[in-house]
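Let me begin by presenting the structure, written as structure tokens, before commenting on it.
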Amino acid sequence: MCILIGSWGRLGLAKYCSEVFWQISYLGLSPSTRLYNALLDALVKSNVLDLAYLRFQQMSADNCRPDRFTYNILIHGVCKVGVVDEGLRLVKQMESMGIAPNVFTYSILVDGFCNSSRLDDAIKLLETMRMRKVNPTEATYRSLVHGVFRCLQPEKAFELLSGFVDREPVLPKEAYDTILYCLSNNSMAREAISFWRKVRQRGYVPDSSIFNITMTCLIKKLPVNETCEILDSFMKQGLKLGLNSYLVLIETLFRGGNNREGSKYLTEMVHLGLLSNVFSCNMVIDCLLKVKVTDKALEMFMGMQERGIYPNLATFNTLINGHFKDGEITRAKEMLVMLLEHGFKPDIFTFTSIIDGLCRANKIDDAFYCFTEMEEWGVTPNTVTYNVLIRCLCVVGDVGRSMVLLRKMKASGIDPDIYSFNALIQSFCKMHKVDKAKKLFASMLVLGLTADNVTYTALIKSLCESGRFDEAGEMFFSMQANGCVPDSYTCNSFVDSLDLGSSECIYCSKICVRDSSSQCQATLSFIKLGHQLVQRN
């Protein structure tokens, strides 16, 4: 029965739990403290705290005495809703009944104090635990550290916790792990390495996951040469990077032109045996192609079979896509031939990569031939495939053919997305056919799509260039209402398109005065500055 009530509680069936509890006498069962605890836990988990208190008060009528579990459940409930003082009252009540709070009681209170931004009380509670010889668990420290970072700015949180660590000569490894995790999660690379060096003197060695999380933060935020020195020093102590951290480091090094160091860590990663299957090899190949180190990617590909790892379709798709993006059409075609020789059938990713690569190389006829050939292979184009072709046609100015493709897309039952429309809207705006662009914009909204800053910027700029400032102003100030917050580029484009001495600009500035958003206030500042310059001239 306790298990059933607990299950119903997790499902949020609080009322059902309570009704069943009062029917247990028909099953030949009598209420017990254990059954009451199951009910109270279910009610607390269902966020029905009032009913939990009512049932708690009825325990004595059934000759059931609350125990430590009973109080911990209720304390957890009140702390969860932010009423920590009621939790303290319950602690006093349980102590008056001769029930001593345990580590779970205190951990719940620490979490409650942190959630209520009462950090001093949370830290004082740890002192109370020490005085009562109750040792905090890793959950206690995790609650404290995460709570401090929730309540304070990251810099202030680090300052507070650093002082706390200095005052505590001995802390469990989990406390240091959690602080390092929070520092890395907040991109505080300098603080993370400073803290790491300090606690290393206490014999602290992070586990693999914390080490990799911290190193990823350092790679992204510190100069790469400094990060490599730090990494090498820690790896001498036996710490090892994981595959994902290696990839971040290698990508950073190659992207910064530091090919020698990049090759060094790539070789090190292979020697450590991190490339044990086709999936890890695919990740490395993709990383190398992203930073345009195609020779290294091919070396990795050729070395796969030597290590007894055979490529799959994703391997070939990655290589084909990477070579096309790098403009190496011949190599991409060679990879396609190899794909077929290995007995694989091209899929939607293969065809889309080929079509995108041919479009980038301005081989539009070949791209459409490939698009037609997809059907012969039994592969149905998706939204991305159509978008690649629509964008390509718009770039070369063949907007009519793009519109035909959009209609074909809809007729095939494939829903266009925002990118399908943006390419066409931008093209019509460049051709000064703003009315056609507005019709496409309306069609897009009918389909339930939300326009982005690219859409609005193109339309607003085109309307201003056509002298239709009222429509441009209405569109600009309707953006946020339609779920799109104007960015600085949109605001600047709008201001740049206005005649600062015109009545239309004065009209827009009046609307800005009524709108308190930061974007509109920035626009208003630009307009006022423009008026001042006009008056000086």
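The values are calculated or read from the model by the stated rules, or taken from the named source; none is laboratory data. Computed from a predicted model, the values in this text were never measured in an experiment. Using ideal geometry, Cβ is built from the backbone for each residue, glycine included, and neighbour counts are taken over all protein chains shown. Side chains are part of the model used for accessible areas, which takes the heavy atoms of the whole protein and leaves out ligands, DNA and RNA. Shrake-Rupley method; radii C 1.70, N 1.55, O 1.52, S 1.80 Å.
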Considering every residue within the stretch 54-73, establish whether at least one is among the polar types (S, T, N, Q), open to solvent by less than 70 Å² (accessible area, probe 1.4 Å) and within 27 Å of residue 121 (Cα to Cα).
yes
Every residue in the stretch 179-217 that is within 26 Å of the chain's Cα centre (by Cα), over 17 Å from residue 246 (Cα atoms) and not in a helix (DSSP H, G or I), please.
186, 187, 188, 206
Quickly run through the stretch 86-119 and pick out the residues that are of a type in the set (Asp, Glu) and touching a Ser or Thr at 6+ places or on another chain (Cβ under 9 Å).
111
Those residues of the stretch 155-175 that are open to solvent by 10 Å² or more (accessible area, probe 1.4 Å) and either of a type in the set (Phe, Trp, Tyr) or not in a loop (DSSP other than H, G, I, E, B) (or both) come to a total of 12
Identify the residue in the stretch 315-335 that is aliphatic (A, V, I, L, M) and under 17 Å from residue 302 (Cβ atoms) and, among all such residues, is surrounded by the fewest Cβ atoms within 10 Å (Cβ to Cβ).
332
Taking the stated definitions as given, is residue 288 crowded, with 21+ Cβ neighbours inside 10 Å, aliphatic (A, V, I, L, M) and outside any helix (DSSP H, G or I)?
no
Given (1) outside any loop (DSSP other than H, G, I, E, B); (2) surrounded by 15 or more Cβ atoms within 10 Å (Cβ to Cβ); (3) under 27 Å from the mean Cα position of the chain (by Cα); (4) not basic (Lys, Arg), index of the condition residue 279 fails:
(2)
Any residue that is hydroxyl-bearing (Ser, Thr, Tyr), free of Cβ contacts under 8 Å to residues at least 24 places away in the same chain and open to solvent by 10 Å² or more (accessible area, probe 1.4 Å) - is there at least one of those in the stretch 357-370?
yes
So for the stretch 471-490 (the condition being exposed (fewer than 13 other Cβ atoms within 10 Å of the Cβ), at pLDDT 75 or above and acidic (Asp, Glu)), does at least one residue qualify?
no
If I ask for residues that are over 14 Å from residue 287 (Cβ atoms), touching a helix residue (DSSP H, G or I) at 6+ places or on another chain (Cβ under 8 Å) and part of a helix (DSSP H, G or I), which ones from the stretch 227-258 would you list?
227, 228, 230, 231, 234
Where the second residue is at pLDDT below 95 and outside any helix (DSSP H, G or I) and the first is of a type outside the set (A, V, I, L, M) and lies in the stretch 244-268, which pairs have Cβ atoms under 6 Å and are six or more apart or on separate chains?
251/291; 254/291; 254/293; 255/291
Taking residue 107, is it of a type in the set (Ser, Thr, Tyr), at pLDDT 90 or above and more than 21 Å from residue 172 (Cα to Cα)?
no
Conditions (1) hydrophobic (A, V, I, L, M, F, W, C); (2) open to solvent by 50 Å² or more (accessible area, probe 1.4 Å); (3) modelled with pLDDT of 65 or more: number failed by residue 529
(3)
Do you know which of the residues in the stretch 98-144 that are assigned to a loop (DSSP other than H, G, I, E, B) and of a type in the set (A, V, I, L, M, F, W, C) is most open to solvent (accessible area, probe 1.4 Å)?
100
